[in-house]
Amino acid sequence: MPTSTPRPGRPVRGSATGRPIMALFDLIGRRWILRVIWELDQAPTPLTFRELRTACGDISSSVLTRRLHELTEARIVEHTTAYTLTPTGRTLVHRLEPLTDWAANWEQQLN
C-alpha cells in the first residue's frame with residue numbers, strides 16, 4: 001500500500017511545507033479517522049478488526065483497513081493481536097479534550 005499518510009515535513013492538504021499542525025489536521029480530518037480513534041479510546045480492551053468495524057457502525061472493511069494503516073504508520077494505533085492506541089494516540093485524545101469542550105460550548109451558543 002503506497003504511503004499517503006500525512007507526515008510533518010511533507011506537503012499535505014493546506015500546506016506545501018507540511019507544518020506539523022497541518023499534517024495533523026489533514027490526518028484527523030480524513031473520513032472515519034476520529035471515529036476509529038474514539039472507539040479505540042472508549043474500548044476497555046484492545047479491539048479486533050471485526051470488533052472495531054462493528055463499533056464504528058457502517059464503515060466498510062476497505063476504508064477501515066486504509067484508516068488503520070494510516071493510523072499505524074502515524075504511530076497513533078498499534079496492532080498485536082488486536083488494535084489499541086499507542087501512548088502517542090492516548091496523548092492525542094487527551095489534547096483533543098479542550099476542543100471537545102469548546103465544541104459543546106459552541107453548540108450551546110448556536111442554539
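The values are calculated or read from the model by the stated rules, or taken from the named source; none is laboratory data. Just so you know, these numbers come straight off a predicted model, no measurement behind them. Cβ atoms come from the backbone with ideal geometry, glycine included; neighbour counts cover every protein chain shown. Heads up: the accessible areas ignore ligands, DNA and RNA and are worked out on the full protein's heavy atoms, side chains in. Shrake-Rupley method; radii C 1.70, N 1.55, O 1.52, S 1.80 Å.
Figures for the structure shown
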| item | result |
| --- | --- |
| Apportionment of accessible area to carbon and sulfur, the chain, percent (1.4 Å) | 56 |
| Chain lengthening between ALA104 and ALA43 when straightened (0.36 nm per residue, less Cα-Cα) | 19.7 nm |
| About the Cα centre, charge dipole magnitude for the chain (Lys/Arg +1, Asp/Glu -1 at Cβ), debye | 440 |
| Viscosity 1.567 mPa s, temperature 4 °C, Stokes-Einstein D of the chain from Kirkwood C-alpha radius, µm²/s | 87 |
| The chain - accessible surface per residue (Å², probe 1.4 Å) | 67 |
| Selected from ALA43, PRO87, GLY29, residue furthest toward positive end of dipole (the chain; charges at beta carbon) | GLY29 |
| Choice from ASP26, ASP41, ASP101 with maximal GNM fluctuation in the chain (Cα, 10 Å cutoff) | ASP101 |
| Inter-label distance, nm, simple model (7 Å from Cα along the C-beta direction), ARG13/ASN111 | 2.8 |
